[in-house]
Structures are given as structure tokens and as C-alpha cells.
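The values are calculated or read from the model by the stated rules, or taken from the named source; none is laboratory data. Predicted model, so just to flag it, every value in this text is computed and none were measured. Quick reminder, even Gly has a Cβ in these numbers, built from the backbone with ideal geometry, and neighbours come from all protein chains shown. Note: accessible area is taken over every heavy atom of the protein model, side chains too, but ligands, DNA and RNA are not part of it. Shrake-Rupley method; radii C 1.70, N 1.55, O 1.52, S 1.80 Å.
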Amino acid sequence: MMDEFIKHINIWQFQEDLLTWYDKNKRELPWREDSDPYKVWVSEIMLQQTKVDTVIPYFERFIRKFPSPYELAAASQEEVLKMWEGLGYYSRAKNLHEAVKEVVEKYDGNVPDDAEKLGTLKGVGPYTKGAILSIAFNKPEPAIDGNVLRVFSRLFKVEDDISKGPVKKRIESYVKELISEEDPSSFNQAIMDLGATICTPKSPQCLLCPVNKHCLGFEEGVQEQLPVKKKAKKQKTVSYVALIMKEKDRVIIEKRPSEGLLADLWQFPMVPIEEVGMNHIEHWFYGEYGVEIHLQEKLGNIRHVFSHLIWDIDVYEAKIIQNENNDTRIRMVKTDSIDDFPFPVSHQKMKAWI
DNA sequence: AAAGCGGGGTG
DNA sequence: CACCCAGCTTT
């Protein structure tokens, strides 16, 4: 789909400039040591909405524990979540686990190399599908992520909101025109490295950019205004009281529901204060869990920011008066075994008060 | 098309 | 504080 915007670029020269730069400047990353499709897959899932520096230690630990689809498929969900602990967006880990089990059962552990089969795997969307096909199998498929949208919105001076579907389609058509047929793997990774190191969201280093002579945004001096996207709404704050309930060398923890926020992770039980009220915590807790408690002293406060909401948690010690223990959500565990359970970061911080 | 889903980093 | 990030799923 050639439109008038693509004509300003000499495609061959663009590829040459980009790939020469990449060959000299590419970052050495653990998932670039080989092109094992399983490792490419794991890395791409971890890198969704997550910075390279954050991912590196997680990736190395994860691959050490699950070197191939077989080890991952054989693991329990709890083990997988434990390896993902602190990385966020935990449905990624559960979807990857489920999809790898499918690959072991249906494809003998071989990651499929065609778009239809890849696209049906849990957690593999348009971006990840393109990334696996290009990076692991060297197929000329676009892999449109935030970096590509930013780089291309500047290259072609796209002034429409990049979160809109039609605009993504337009950028996808540009990528298809420009992508190298000889080395699509390097091409896609080069755009990403360029976006991460040169064509950054703020203060892009255009004078150091290997493709600045092809860039309409730079030519017109509007690179800082691109890409255009609507800003996120402000988060709402929700208040909780978290309870540290110890008895000798044991403490009560709770498994969160299997859907929604931080699904299937463990936490110290929390009381939603807007609904319950500070004066009715003990009564509410008994009705909810069948455990009679007395609130003791306040231990501290945790303020945790998510992308869409903020938790304001007052942490209290509570004495267990009587434990009828008729609720399947909560469990008393030895304090020295608490690190076996996957906790969200907000609740990891509360371990300091055990 | 919009909302839900984590966490860390930067200025 | 605002804004950013190698997205996908559900509604």
C-alpha cells in the first residue's frame, strides 16, 4: 500500500543506514545470544510494557529454571508466578504457561513458525506474533510496539493519535514497505534499539540518529511533538487496612481471587475501608473469614501506585482471639516459609513487620 | 473503542 | 507530581 507519504524515503538507503548502525551499536542482551524461539518468546512476553533493564535478571533466572518448553510445561502455576514475582502484569505468566503447555502437547515442544498457529496461543497478540516470526524465524513480518509507533510517527510525521486503530494500520503499511527482506530480524530489533536509545520519548538525540536524513519530523522540527496520544486518566485512590496476624511462628496469608487485579497472588488479608469503616474492621473480618481478632497497633503505611489506581494501605498488627478457620482463601503458614508464595510488591514490603 | 492489568524509572 | 514503557484480553 504505497501512498504519497512513503515516497520521500529511499528504501534501500534507509535499510542500509539503519542496519549499519545496528550492526555497530546493538545492545548485547541475554535473549540475543541465540535465536531459540522459546527464549525469544519468553523475552518478548517479559518485555511487554517493561524496560529492558528490569527484564534482564528475570529472564536469566526464568531460563535457568525453565530452560525449554518442557520444564515450563511441567511446572505448577505457583512456581511460575513465583519466578514472575515483582515483574507485574501476572496474567502474562499464566498465559505463557498455558500456551507453552499447548505447544508441548500439540507441537512436540516446537514453537510454531506460522502466523495462524502463533496467533491462537494465549498471550500472543499481533506484536509478539510478529516479533517471534521475525526474530526467531527471520520472516519479514512487522512487529509494531510503542517504539515502532514512536519512530515511525516521527519518520513520516504522523500527527494523528497513534492509539487509534486506523493510524496503527497506516504505520504497519509503512513498516511493510521499509522492512528488510534479507534481514527482517535485525531490522525490527534495530528499530526497537533506535527507539530505546536515540529516538526516545523525550529529548530524542536526532543529531546522532542514523536515519535522520530520512525523517520528516526532524526535517520540520516537530519530533518533540510526536507521537500524538491522548493522556491517561488520573488514578483513583482506594484505602485498605492490611492485617498482620501472627500466632507463635505462624502468620495468616490469603490467596487473591483467580481473576482481576494481582490474580492468584498471595497477600496479607486486607479490609476495604470505604465499605467497612475503621470502626467495624473486626466485626467485618469475623463475618468474612470466621476469624475473631483484636486490632493492635499500627505498624506503618504502604502507598502503592498502579497504572489505573492507587492503594493506600494502613498496616496493623492483630491478635487472633479464635480461629474457626472455615475459609478456603486464608491459610496459616510458618513465617520462614512465606517466601515460597508469590506476593505482589506492595505486600512484599509488609514482610518487614512480621 | 475503551477499560483493566504492575512496576520501575525519569524530570 | 506527570509521563513513559519490547501489549494482550475482555467488554
Test: residue in region A:60-67 that is open to solvent by 30 Å² or more (accessible area, probe 1.4 Å) and either within 16 Å of DNA strand B (Cβ to nearest atom) or not in a helix (DSSP H, G or I) (or both): yes
Every residue from region A:19-54 that is touching a Ser or Thr at 6+ places or on another chain (Cβ under 7 Å) and over 13 Å from A:L96 (Cβ atoms): A:L19, A:Y22, A:W31
Unique residue being hydroxyl-bearing (S, T, Y), within 17 Å of A:E44 (Cβ to Cβ) and either at pLDDT below 95 or open to solvent by 20 Å² or more (accessible area, probe 1.4 Å) (or both) when the list is A:Y70, A:Y89, A:Y107: A:Y89
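Condition check ((1) touching a helix residue (DSSP H, G or I) at 6+ places or on another chain (Cβ under 8 Å); (2) modelled with pLDDT of 95 or more) across all residues:
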site: A:M278; (1), (2): no, yes
site: A:E282; (1), (2): no, yes
site: A:G287; (1), (2): no, no
site: A:G290; (1), (2): no, no
site: A:H308; (1), (2): no, no
site: A:I313; (1), (2): yes, yes
site: A:E324; (1), (2): no, no
site: A:D340; (1), (2): yes, yes
site: A:V345; (1), (2): no, yes
Elements of type helices (runs of 4 or more DSSP H) in region A:98-183, at least 2 residues being within 26 Å of A:I198 (Cβ to Cβ): A:126-131, A:146-155, A:165-178
Residues of region A:212-254 satisfying the condition of being in a strand (DSSP E or B), within 16 Å of DNA strand C (Cβ to nearest atom) and open to solvent by 50 Å² or more (accessible area, probe 1.4 Å): A:K236, A:T237
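Quick one: is A:D160 more than 26 Å from A:K51 (Cβ to Cβ) and in contact (Cβ under 8 Å) with a residue 24 or more places away in the chain?
So A:D160 passes the test.
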Criterion: away from DNA strand C (no atom under 12 Å from the Cβ), buried (at least 18 other Cβ atoms within 10 Å of the Cβ) and of a type in the set (D, E) - qualifying residue of A:D145, A:D183, A:D160: A:D183
Some residue of region A:256-265 being polar (S, T, N, Q), within 12 Å of DNA strand B (Cβ to nearest atom) and farther than 23 Å from A:T335 by Cα: yes
Pick from region A:273-306, criterion within 16 Å of DNA strand B (Cβ to nearest atom) and within 18 Å of A:I253 (Cβ to Cβ), ranking: nearest to the chain's Cα centre (by Cα): A:H304
Residue within region A:40-47 that is free of Cβ contacts under 8 Å to residues at least 24 places away in the same chain and among the hydrophobic types (A, V, I, L, M, F, W, C) present: yes
Conditions (1) surrounded by 18 or more Cβ atoms within 10 Å (Cβ to Cβ); (2) closer than 30 Å to A:D183 by Cα; (3) among the basic types (K, R); (4) within 12 Å of DNA strand C (Cβ to nearest atom): number failed by A:K94: (2)
Test: residue in region A:149-157 that is open to solvent by 10 Å² or more (accessible area, probe 1.4 Å), more than 26 Å from A:W41 (Cβ to Cβ) and not acidic (D, E): yes
Residues of region A:307-341 satisfying the condition of being under 24 Å from A:S239 (Cα atoms), in a loop (DSSP other than H, G, I, E, B) and more than 16 Å from DNA strand B (Cβ to nearest atom): A:D327, A:R329
Neighbours by Cβ (under 7 Å, 6+ apart or cross-chain): first from region A:188-209, in contact (Cβ under 8 Å) with a residue 60 or more places away in the chain; second among the β-branched types (V, I, T) and open to solvent by 20 Å² or more (accessible area, probe 1.4 Å): A:Q189/A:I135; A:A196/A:V52
Inter-residue pairs, beta-carbon under 6 Å, first outside any loop (DSSP other than H, G, I, E, B) and in region A:23-36, second away from DNA strand B (no atom under 16 Å from the Cβ) and open to solvent by less than 60 Å² (accessible area, probe 1.4 Å), 6+ apart: A:W31/A:K39
Long-range neighbours under 6 Å by Cβ, at least six apart or interchain, first residue within 15 Å of A:Y38 (Cβ to Cβ) within region A:110-134, second in a helix (DSSP H, G or I) and among the hydroxyl-bearing types (S, T, Y): A:V111/A:Y38
